[in-house]
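S.K.: Got a structure here, written out as structure tokens. Questions coming.
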Amino acid sequence: MKRPPIYGLLAEFDTPTELVTAVRKARAAGYRVMDAYSPFPIEELAEALHFHDRRLSMIVLGGGITGGLVGYLLQYWTSVVEYPLNIGGRPLHSWPSFIPVTFETTVLFAALSAVLGMLALNGLPMPYHPVFNVPRFALASRDQFFLCIEAVDPHFDREITRRFLERLDPQSIAEVAH
Amino acid sequence: MSTPVLEARRDSRPPVIAPGHTFETVTDRISRVVLRRGTPRGWIVGFALSFCLMMVLFYSVAALLFRGIGIWGINQPVEWGFDIVNFVWWIGIGHAGTLISAILLLLKQEWRTSINRFAEAMTLFAVACAGLYPVLHLGRPWLAYWLFPYPNTMGMWPQFRSPLIWDVFAVSTYLTVSLMFWFVGLIPDLATLRDRSPSRIGRGVYGILAMGWRGSAKHWHRYETAYLLLAGLSTPLVVSVHTIVSFDFAVSVVPGWHATIFPPYFVAGAIYSGFAMVMTLAIPIRKFYNLEDFLTMRHLDNMARVMLATGLIVAYGYMMETFMAWYGGNPYESFMILNRFGGPYAPQYWLLITCNVVIPQVLWFRRVRASIPALFVVSLIVNLGMWLERYIIIVVSLHRDFLPSSWGMYSGSIYDWSMFVGSIGLFLSLLFLFIRYLPMISIFEMRTLVPGAEVKEETP
């Protein structure tokens, strides 16, 4: 596929409400490949983008189950198989005393998979991204709200998309270089 | 209708953020503390003092490594002294940070937003101080890695039926998860600092730490999921950590330790001392950095209420210990309580009751909760009281147990004191560095409290 000459068009808005409205209108106009940028999480934005990702919860569940199994089996193997010690005549497989460590490893593995899973799914760390080429984008981490319609969208056209974005009454529109 | 009355009642409480703030002012106000040119003189003086205290710690640790733990006051029968007292004290202080950041997040308590970052940092540094003591108490701290299960040429494995190994797992998991929770919370704010830092070095360092965060809606969506899951995981974790710390005592047969009330009573005590420490630190910081807009009287009032509630649970714990000593009919238990009341450590015991039970009752009064000097003094008293509590639990139970022939006395040596004071220096030094180089209030979460942050639905 031929690479489009630019990454996309970036429109800037003043308030979260304007951004959410803009995303809804862009969806209605048929645009699909786009992303919105805000200085804080906005629940309505993911909904407006029809973005749903349940994978992270599954990753964390998997991590927790793995952690629990690893913790318990480690204790079972060391205490029963590899290094059996008679402590006050207790059975070698004294499972109640294995619970605290099992709990801790469950939490540890689940938390690690939550953090690493979130970063991996988000593609972070990412040393370079085209949106940072727009100087005003520095305000996305302060007080401005951005919508980027990407050039790979089938409906994207430099002129038509620009006119569409202008009708949304943004603060500014910028072309995003690669 | 009742609605206006409710509205009026809600309005009568101070707000969680002073009126008139926008996304812009919130961002600038908090990031200015980090990005300003030049360091305030107060910071330099404070850091220098803390740094000196930290050197006292390093000196004491060096002396300990050269001469062994005989330089401490511990003896037979009191094998646990200041080291374990300080361990439990510090780790308890850490618990308030997790409580504020995780449990209050799940309970949708908006007022937590301006204190959570700061309280989480406090958790990390307190747990770092706590972790020092058991490791140094090993006698040969350079072999501390023997505590972890790893295949070794000795063919040995840890003893998983011992609460002390549970402690290793609990504390190391707690430190790791707290660090991740804190760092994940920092990522969006690091991006803000990257975008606003005037210096190249600042942009570079904050840029690397922010990992290319750009505030994408898709990222925020997964970020929020991860943050909520971490909060959900930290909540049982924090309860488990102090429960396991209390198991170090409760699983033994020593009079005064072998009690089923220990886990809940330890957890409540941890939160109690932690909130006291948050208050002790927050009051001077909000004054010094003029953050009264974000750390309002509402926060101090709420923290005072939490202290009052957890203080009452702790008081209930003291009552139950006494009651069970009588009701249980075990002569060693009842002797232990009488020894606490009137034995050689009675002055410390009654000071503890005064600090933890009697004086904090002033928090019932609204006027006290509205007075900053009074709250500061009460928080210091509770910190002292909670330290004494651990001292009493450990020393009084050990110094006179079953056989009078093996009774003894304990007092901290100069090195015990220098390590304790030095660990406060370590804690404060880390805190000063944190305040200078990272945003002490979560900027992105404060933005969500600004009135314009809500998406208004247009009627079509």
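Rule-based calculations on the coordinates, nothing more; no lab input. Please read these numbers as outputs of a predicted model, since none were measured by experiment. Counting neighbours? That spans all protein chains shown, and the Cβs are built from the backbone with ideal geometry, glycine included.
S.K.: In Å and on Cα atoms, what radius of gyration and Dmax does the range B:127-216 show?
M.R.: Taking only Cα atoms of the range B:127-216, I get Rg and Dmax of 19.5, 56 Å.
S.K.: Relative contact order (percent) for the range B:187-337, with alpha-carbon contacts under 8 angstrom and 6 or more residues of separation?
M.R.: For the range B:187-337, the relative contact order is 17 percent.
S.K.: Amide H neighbours of A:Gly8 under 5 Å, counting only residues 5+ apart in sequence or on other chains, H built in-plane at 1.01 Å?
M.R.: Placed amide hydrogens put A:Ala151, A:Val176 under 5 Å from A:Gly8.
S.K.: What does the average come to when, for each residue of peptide B:164-174, you count the partner chain Cβ atoms lying within 10 Å of its Cβ?
M.R.: So the per-residue partner count for this stretch is 4.
S.K.: Let me know the charge dipole size of the range B:167-317 about its Cα centre in debye, to the nearest 20, where only the beta-carbon of Lys, Arg (+1) and Asp, Glu (-1) is charged.
M.R.: Roughly 640 debye for the range B:167-317.
S.K.: Would you compute, from DSSP H runs of 4+ residues alone, the mean residue ellipticity of chain B at 222 nm, taking -39500 (n - 2.57) per run and dividing by the full residue count, rounded to the nearest 500?
M.R.: For chain B, the value works out to -22500 deg cm²/dmol.
S.K.: As an exercise, find the ratio Rg/Rh for the range A:55-121 from alpha-carbon atoms, using the Kirkwood inverse-distance average for Rh.
M.R.: Reported Rg/Rh (Cα atoms, Kirkwood Rh): 1.15.
S.K.: In whole Å and largest first, what semi-axes does the C-alpha gyration tensor of chain A yield when each eigenvalue is scaled by 5 and square-rooted?
M.R.: For chain A, the semi-axes come out at 52, 15, 14 Å.
S.K.: Just to confirm my numbers, what's the Cα centroid distance between the range A:34-81 and the range B:217-237 in Å?
M.R.: Result: 9 Å between the Cα centres.
S.K.: Roughly how many whole Å is it from the C-alpha centroid of the range B:304-382 to that of the range B:162-210?
M.R.: The two parts, judged by their Cα centres, are 36 Å apart.
S.K.: I'd like the distance between the alpha-carbon centres of the range B:430-460 and the range B:80-122, rounded to an integer number of Å.
M.R.: Going from one Cα centre to the other spans 20 Å.
S.K.: Run the count for the protein assembly as shown, please: Lys pairs, Cα-Cα under 29 angstrom, 8 or more apart or on different chains.
M.R.: Pairs that pass both the separation and distance tests number 8.
S.K.: Among B:Ser234, B:Ile91, B:Ser371, pick out the residue whose Cα is farthest towards the positive end of the charge dipole of the range B:3-453, where Lys and Arg carry +1 and Asp and Glu carry -1 on C-beta, about the Cα centre.
M.R.: Among B:Ser234, B:Ile91, B:Ser371, the one farthest towards the positive end of the dipole of the range B:3-453 is B:Ser371.
S.K.: Let me have the relative contact order for the range B:125-199, percent, based on Cα pairs under 8 Å that are six or more residues apart.
M.R.: With pairs under 8 Å counted, the relative contact order is 23 percent.
S.K.: Over chain B, what is the relative contact order in percent, taking alpha-carbon pairs closer than 8 angstrom and at least six residues apart?
M.R.: 33 percent
S.K.: Here's something else I'd like to know. Whole-Hz Karplus ³J(HN,Hα) for the range B:29-34, in order, using 6.51 cos²θ - 1.76 cosθ + 1.60 and θ = phi - 60°, x for Gly and Pro?
M.R.: For the range B:29-34, the Karplus-derived couplings read 4, 7, 6, 4, 4, 8 Hz, x marking Gly and Pro.
S.K.: While we're here: HN-Hα J couplings of the range B:197-207 from phi, Karplus 6.51/-1.76/1.60, θ = phi - 60°, integer Hz, Gly and Pro as x?
M.R.: Per residue, the Karplus-derived 3J(HN,Hα) values read 5, x, 9, 5, 4, x, 4, x, 5, 5, x Hz.
S.K.: Sorted from fewest to most neighbouring beta carbons within 10 Å, what does the list B:Met303, B:Met419 look like?
M.R.: With the fewest neighbours first, B:Met303, B:Met419 line up as B:Met303, B:Met419.
S.K.: From the square roots a ≥ b ≥ c of the eigenvalues of the alpha-carbon gyration tensor of the range B:311-396, which class results: rounded (a/c under 1.5), prolate (a/b over b/c), or oblate?
M.R.: prolate
S.K.: Would you list the P(r) distribution for the range B:47-160, with all Cα-Cα distances sorted into 5 Å bins from 0 and each bin expressed as a whole %?
M.R.: The distribution over the range B:47-160 is 2, 10, 13, 16, 16, 14, 12, 8, 6, 2, 0, given as percents.
S.K.: Calculate the mean, over all residues of peptide B:446-453, of how many other protein chain Cβ atoms lie within 10 angstrom of the residue's Cβ.
M.R.: 4
S.K.: Give the share of C-alpha pairs in each 20 angstrom bin for chain B, from 0 to the last occupied bin, in whole percents, shortest bins first.
M.R.: For chain B, the binned pair fractions read 22, 54, 22, 2, 0 percent.
S.K.: Placing +1 at every Lys and Arg Cβ and -1 at every Asp and Glu Cβ, with all other atoms neutral, what dipole size does chain A have around its Cα centre, in debye to the nearest 20?
M.R.: 380 debye
S.K.: For each of A:Arg136, B:Arg436, count neighbouring Cβ atoms within 10 Å of the residue's Cβ, then give the residues from fewest to most.
M.R.: A:Arg136, B:Arg436
S.K.: With runs of 4+ DSSP H residues as the only contributors, calculate the mean residue ellipticity of chain A at 222 nm using -39,500 (n - 2.57) per run, divided by the residue total and rounded to the nearest 500.
M.R.: Value at 222 nm, helices only: -13500 deg cm²/dmol.
S.K.: Give me the log10 of I(q) over I(0) for the protein assembly as shown at q = 0.08, 0.11 Å⁻¹, as the Debye formula computes it from C-alpha points; what are the numbers?
M.R.: Listed by q, the Debye log ratios stand at -0.67, -1.15.
S.K.: Nothing charged except the Cβ atoms of Lys and Arg (+1) and of Asp and Glu (-1): what's the magnitude of the dipole of the protein assembly as shown about its Cα centre? Round to the nearest 20 debye.
M.R.: Once rounded to the nearest 20, the dipole reads 920 debye.
S.K.: Using the Karplus equation 6.51 cos²θ - 1.76 cosθ + 1.60 (θ = phi - 60°), what ³J(HN,Hα) coupling, rounded to whole Hz, does each residue of the range B:82-91 give in order, writing x for Gly and Pro?
M.R.: 4, 4, 6, 4, 5, 4, 5, 4, 5, 5
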